[in-house]
Amino acid sequence: MNFAKVFVPGDSAAVSVGADDVVAEITRLAKAADIQIEIVRNGTRGVFWLEPLVEVQVGEKRIGYGPIKGDDVAGLFEAQFLKGGSHELCIGNVEDLPWLAKQDRVTFRRVGLNDPLSMSDYEAHGGLIGLRRALKLSGEEIVAEVLESGLRGRGGAGFPAGIKWRTVLDAQSDLKYLCCNADEGDSGTFADRILIEGDPFTLIEGMAIAAIAVGATQGIVYTRSEYPTAIAKLNAAIAIACEHGLLGKNILGSNFEFNLKVRSGAGSYVCGEETAMLESIEGKRGVVRSKPPLPAISGLFGKPTVINNVLTFSSVPAIISEGASAYKSRGVGRSLGTQVFQLGGNVKCGGIVETGFGITLGELVSGYGGGTLTGKPIKAVQIGGPLGAYFSPKNFDLSMDYESLLAAGGMLGHGGVVIFDTEVDLAIQAKFAMEFCAIESCGKCTPCRLGSTRGAETIQEIIEGHNVAANKKLLLDLCEVMTDGSLCAMGGLTPMPVKSAMINFPGDFENRSAVTK
Amino acid sequence: MKYATWSKSAGLAVLEPFRDEPGPVLISLQALQREFGYIPAEAVAIVANFFNVSRADVHGVLTFYEDLSSSPPLPNEIHVCIAEACQAVGSRSLEKALKLAHGEQVRDVFCFGNCALGPAAMVNGVLIGRATPEKIAAAMK
């Protein structure tokens with residue numbers, strides 16, 4: 001029997017706007033009309049303004065309807081949506097949606113297509129080709145391929161993954177670890193979560209390839225506790241991967257052993273810093289470590305450890321299955337491959353945009369984003385999370401790659417792009433950056449621990465119009481101390497949103513007494 | 001969320017699976033929190049003895065992490081995101097309204113990864129996108 005196949009995302013973002021209600025309503029009405037259907041809870045396509053996005057398989061096409069609320073479902077049945085019938089919320093064949101069709105999805109190629117926990121769907125869409133190829137290569141060859149691809153750490157630091165892997169490969173030890181950083185704490189970023197919820201086998205495959213390459217036998221995915229659905233999905237996926245021999249003693253019948261488990265964070269932002277994450281996995285306070293030694297030499301429990309972000313590991317299966325040259329044919333300069341951008345905040349069409357590096361900021365926020373949700377003009381865009389720079393529409397020609405953003409006083413970070421309309425006050429945002437640092441600082445080094453509190457106080461003085469010129473000078477001096485004197489990126493990068501706000505939005509730091517009481 | 005009632009023996013039963021876990025303190029405190037909704041003061045010494053670490057180590061971990069609480073849970077756990085992406089769509093005024101209405105049951109969180117559907121909130125473990133005071137009230141007990 002061929003039942004009509006209906007897809008409704010099980011992703012937590014889709015569920016947060018009512019996907020479960022839609023499923024309940026479709027099930028109820030189908031039963032009442034005695035129509036047999038199969039409902040697949042796929043991952044999200046990352047097209048969030050259309051969520052919950054209901055898709056129906058019609059021949060080769062997937063006809064989409066969105067955003068659908070529970071109340072809309074009866075109308076869908078009336079419009080014969082199971083046959084792809086027309087309806088005011090119908091968007092046609094989902095893959096032809098220009099927003100998706102223009103993208104170049106590599107790491108995210110399978111996200112949103114199928115049941116994330118179906119191994120047969122995973123293999124049918126190109127899964128496991130990379131792992132099978134890796135098993136025929138030496139560790140050196142895998143590392144060389146990753147190095148050749150130009151893949152850099154997608155967590156934010158942009159360090160070449162292949163160099164890190166080579167260091168661990170060359171390290172002599174009875175035990176080596178892989179740690180996947182899924183502590184995606186940056187506001188405006190959600191790609192790790194969506195990938196884990198929507199295509200967890202890709203992450204598992206990428207980690208298995210890395211384990212084979214460097215000789216690691218133990219892997220840990222450190223996932224933030226704010227992502228309960230992702231943790232549950234990943235645990236389920238690991239169990240299925242073990243059943244299929246992707247993990248465990250003999251990976252796909254080979255002599256390689258790799259075991260993987262999930263550790264949950266506990267609500268600390270700084271635990272996304274790699275050494276604080278190691279401390280946290282060891283069960284301690286998430287206090288950063290001094291480097292050296294590098295984690296690649298002495299990491300988790302003092303053993304050589306590869307630490308990469310979810311997107312870094314998840315890019316590896318494509319690189320190994322299709323070769324380094326295919327991957328590095330995308331991108332610009334030394335930023336090779338694709339970046340998974342995330343559009344959030346006050347944005348009309350927010351979501352996941354994966355494309356080669358080098359797209360301009362304007363194409364992202366105006367082209368894909370379609371402007372603000374409120375309809376007011378865009379005033380500011382923050383790139384790269386809470387420690388990233390604020391840019392204005394004057395910077396819309398900026399090329400989105402590691403080097404260009406650095407040269408412009410910003411950073412790519414984890415690829416989050418947060419849009420603000422004209423209501424935003426950049427002095428308040430700058431103060432928030434300092435307050436955030438004060439709350440989340442691990443407290444180990446003075447510039448971060450004390451500087452953040454002093455910074456927030458100084459910006460408050462500026463906001464209230466006290467000694468503005470002198471306080472601005474003091475603030476810049478403090479920023480310099482924090483940048484140069486902090487132990488890790490938490491204190492070291494907090495000045496970035498502050499200084500960029502002062503430089504790109506000088507008006508918000510002048511004549512404050514007029515606007516505040 | 002339904003929590004068990006704390007007792008020393010119930011606490012020890014929760015710790016048992018972590019006996020051979022490397023670096024057990026955080027993961028066992030998380031397990032206690034899940035089981036009882038909080039970590040009672042007397043649990044600190046019990047955890048320290050069980051894993052042969054100092055009470056200072058356990059206290060240090062307990063006080064470092066936002067998720068871990070030393071006081072019993074309130075009727076509702078309302079977490080509202082106040083990070084930048086949600087600020088851009090009015091989370092600060094939502095936060096104010098919620099705190100006014102529901103007091104200490106409301107806690108600030110930095111990011112749920114729902115940044116394209118903000119403001120985001122979580123009520124008793126259920127994530128809510130495009131959150132409003134009405135949606136949140138409807139999800140409360």
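The values are calculated or read from the model by the stated rules, or taken from the named source; none is laboratory data. All of these numbers come straight from a predicted model, not from anything done at the bench. Every residue, glycine as well, gets a Cβ built from its backbone with ideal geometry; the counts of neighbours run over all protein chains shown. We work out accessible area using only protein heavy atoms, side chains counted, and drop any ligands, DNA or RNA first. Shrake-Rupley method; radii C 1.70, N 1.55, O 1.52, S 1.80 Å.
Quick one: would you say A:Arg289 is at the interface with chain B (Cβ under 9 Å from one of its Cβ atoms), of a type in the set (D, E, K, R), open to solvent by 10 Å² or more (accessible area, probe 1.4 Å) and in a loop (DSSP other than H, G, I, E, B)? Break it down into steps so the answer makes sense when it comes.
On the way: at the interface with chain B (Cβ under 9 Å from one of its Cβ atoms): no; of a type in the set (D, E, K, R): yes; open to solvent by 10 Å² or more (accessible area, probe 1.4 Å): yes; in a loop (DSSP other than H, G, I, E, B): yes.
Here the answer is no, as A:Arg289 does not meet what is asked.
Restricting the first residue to region B:28-50 and requiring it to be among the charged types (D, E, K, R), which pairs with a second residue that is open to solvent by less than 10 Å² (accessible area, probe 1.4 Å) meet a Cβ separation below 9 Å and a spacing of at least six or different chains?
Every condition considered, the pairs that remain are B:Glu35/B:Gly11; B:Glu42/B:Gly11.
For A:Val22, indicate whether it is under 22 Å from A:Thr229 (Cβ atoms), within 14 Å of another protein chain (Cβ to nearest Cβ) and either assigned to a strand (DSSP E or B) or open to solvent by less than 10 Å² (accessible area, probe 1.4 Å) (or both).
Spelling it out, A:Val22 is indeed under 22 Å from A:Thr229 (Cβ atoms), within 14 Å of another protein chain (Cβ to nearest Cβ) and either assigned to a strand (DSSP E or B) or open to solvent by less than 10 Å² (accessible area, probe 1.4 Å) (or both).
Could you tell me which numbered condition A:Ser321 fails, if it satisfies all but one of (1) surrounded by fewer than 24 Cβ atoms within 10 Å (Cβ to Cβ); (2) over 19 Å from the mean Cα position of the chain (by Cα); (3) part of a loop (DSSP other than H, G, I, E, B)?
The number of the failed condition is (3).
Sort out for me the helices (runs of 4 or more DSSP H) sitting completely within region B:52-141 that have 1 or more residues that are surrounded by fewer than 19 Cβ atoms within 10 Å (Cβ to Cβ).
Because the criterion is at least 1 residues that are surrounded by fewer than 19 Cβ atoms within 10 Å (Cβ to Cβ), the helices (runs of 4 or more DSSP H) in region B:52-141 that meet it are B:55-64, B:91-102, B:133-139.
Anything in region A:8-56 that is free of Cβ contacts under 8 Å to residues at least 40 places away in the same chain, among the β-branched types (Val, Ile, Thr) and in contact with a Ser or Thr (Cβ under 9 Å, 6 or more places away or on another chain)? List them, or say none.
A:Ile39
Specify the residue that is nearest to A:Phe108 (Cα to Cα); the eligible residues are those in region A:324-341 that are part of a helix (DSSP H, G or I) and touching a residue at least 60 places away in the same chain (Cβ under 8 Å). Before you say what the answer is, go through the steps one by one.
At the first step, the residues of region A:324-341 found to be part of a helix (DSSP H, G or I) are A:324-328.
When the remaining residues are screened for being touching a residue at least 60 places away in the same chain (Cβ under 8 Å), the result is A:324-325, A:327-328.
Values: A:Ala324: 17, A:Ser325: 19, A:Tyr327: 14, A:Lys328: 16 Å.
Restricting to residues being part of a helix (DSSP H, G or I) and touching a residue at least 60 places away in the same chain (Cβ under 8 Å), the top hit is A:Tyr327.
Does region B:13-33 contain at least one residue that is out of contact with any helix residue (DSSP H, G or I) (no Cβ under 6 Å at 6 or more places or on another chain), more than 27 Å from A:Leu175 (Cα to Cα), open to solvent by 60 Å² or more (accessible area, probe 1.4 Å) and acidic (Asp, Glu)?
Among the residues of region B:13-33, not one is out of contact with any helix residue (DSSP H, G or I) (no Cβ under 6 Å at 6 or more places or on another chain), more than 27 Å from A:Leu175 (Cα to Cα), open to solvent by 60 Å² or more (accessible area, probe 1.4 Å) and acidic (Asp, Glu), which makes the answer no.
Among the residues that make up region A:326-339, is at least one of them surrounded by fewer than 18 Cβ atoms within 10 Å (Cβ to Cβ) and β-branched (Val, Ile, Thr)?
Yes, there is a match, as at least one residue in region A:326-339 is surrounded by fewer than 18 Cβ atoms within 10 Å (Cβ to Cβ) and β-branched (Val, Ile, Thr).
Would you mind finding the one in A:Thr202, A:Thr217, A:Thr275 that is more than 10 Å from chain B (Cβ to nearest Cβ) and closer than 25 Å to B:Val58 by Cβ?
A:Thr275
Can we say A:Leu311 is within 11 Å of chain B (Cβ to nearest Cβ), part of a helix (DSSP H, G or I), within 30 Å of A:Ser149 (Cβ to Cβ) and in contact with a strand residue (DSSP E or B) (Cβ under 9 Å, 6 or more places away or on another chain)? It would help to see each step written out before you state the result.
Values: within 11 Å of chain B (Cβ to nearest Cβ): no; part of a helix (DSSP H, G or I): yes; within 30 Å of A:Ser149 (Cβ to Cβ): yes; in contact with a strand residue (DSSP E or B) (Cβ under 9 Å, 6 or more places away or on another chain): yes.
Spelling it out, it is not the case that A:Leu311 is within 11 Å of chain B (Cβ to nearest Cβ), part of a helix (DSSP H, G or I), within 30 Å of A:Ser149 (Cβ to Cβ) and in contact with a strand residue (DSSP E or B) (Cβ under 9 Å, 6 or more places away or on another chain).
Answer yes or no as to whether A:Ala237 is more than 14 Å from every other protein chain (Cβ to nearest Cβ), in contact (Cβ under 8 Å) with a residue 40 or more places away in the chain, under 24 Å from A:Phe190 (Cα atoms) and open to solvent by less than 40 Å² (accessible area, probe 1.4 Å). Lay out the reasoning, then the answer.
Numbers: more than 14 Å from every other protein chain (Cβ to nearest Cβ): yes; in contact (Cβ under 8 Å) with a residue 40 or more places away in the chain: yes; under 24 Å from A:Phe190 (Cα atoms): yes; open to solvent by less than 40 Å² (accessible area, probe 1.4 Å): yes.
Yes; evaluated as a whole, the condition is true for this residue.
Go through region A:275-286 and give me each residue that's open to solvent by 40 Å² or more (accessible area, probe 1.4 Å) and touching a residue at least 24 places away in the same chain (Cβ under 8 Å).
Matches in region A:275-286: A:Arg285 only.
Yes/no matrix, rows are residues, columns are (1) surrounded by fewer than 20 Cβ atoms within 10 Å (Cβ to Cβ); (2) within 11 Å of chain B (Cβ to nearest Cβ); (3) in a loop (DSSP other than H, G, I, E, B):
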position	(1), (2), (3)
A:Leu343	no, yes, no
A:Gly362	yes, no, no
A:Gly388	no, yes, yes
A:Ser404	no, no, no
A:Lys431	no, no, no
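Of the residues in region B:51-83, how many are among the aliphatic types (A, V, I, L, M) and facing chain A (nearest Cβ under 8 Å)?
Counting residues in region B:51-83 that are among the aliphatic types (A, V, I, L, M) and facing chain A (nearest Cβ under 8 Å) gives 3.
Tell me, please, whether a residue that is open to solvent by 10 Å² or more (accessible area, probe 1.4 Å) and more than 25 Å from A:Ser268 (Cβ to Cβ) can be found in region A:220-233.
No: zero hits.
Taking region B:89-121, which residues are at the interface with chain A (Cβ under 8 Å from one of its Cβ atoms) and in contact with a Cys (Cβ under 9 Å, 6 or more places away or on another chain)?
Within region B:89-121, B:Val109, B:Phe110, B:Cys111, B:Phe112, B:Asn114, B:Cys115, B:Ala116, B:Gly118, B:Ala120 meet the criteria.
Looking at A:Glu184, is it open to solvent by 10 Å² or more (accessible area, probe 1.4 Å), out of contact with any strand residue (DSSP E or B) (no Cβ under 7 Å at 6 or more places or on another chain) and under 20 Å from A:Thr338 (Cβ atoms)?
no
Can you tell me which residue within region A:364-380, out of those that are more than 10 Å from chain B (Cβ to nearest Cβ) and of a type in the set (A, V, I, L, M, F, W, C), is nearest to A:Val498 (Cα to Cα)?
That would be A:Ile378.
Among the residues of region A:469-517, which ones are open to solvent by less than 50 Å² (accessible area, probe 1.4 Å) and modelled with pLDDT under 95?
Scanning region A:469-517 gives A:Arg512, A:Thr516.
B:Gly125: in contact (Cβ under 8 Å) with a residue 60 or more places away in the chain and either in contact with a helix residue (DSSP H, G or I) (Cβ under 7 Å, 6 or more places away or on another chain) or under 16 Å from A:Gly188 (Cα atoms) (or both), yes or no?
Spelling it out, B:Gly125 is indeed in contact (Cβ under 8 Å) with a residue 60 or more places away in the chain and either in contact with a helix residue (DSSP H, G or I) (Cβ under 7 Å, 6 or more places away or on another chain) or under 16 Å from A:Gly188 (Cα atoms) (or both).
Considering region B:1-12 alone, what residues qualify as being part of a helix (DSSP H, G or I) and surrounded by fewer than 17 Cβ atoms within 10 Å (Cβ to Cβ)?
Going residue by residue through region B:1-12, those that are part of a helix (DSSP H, G or I) are B:8-12.
Within region B:1-12, B:Lys8, B:Ser9, B:Ala10, B:Leu12 meet the criteria.
Could you go through region A:174-184 and let me know if any residue there is aliphatic (A, V, I, L, M), in the same structural domain as A:Lys303 (by TED's automatic domain parsing) and more than 16 Å from the chain's Cα centre (by Cα).
Yes, region A:174-184 has at least one match.
Of the conditions (1) within 12 Å of another protein chain (Cβ to nearest Cβ); (2) over 27 Å from A:Glu403 (Cα atoms); (3) of a type in the set (A, V, I, L, M); (4) touching a Leu at 6+ places or on another chain (Cβ under 8 Å), A:Ile419 satisfies every one except a single condition; which number is it?
(2)
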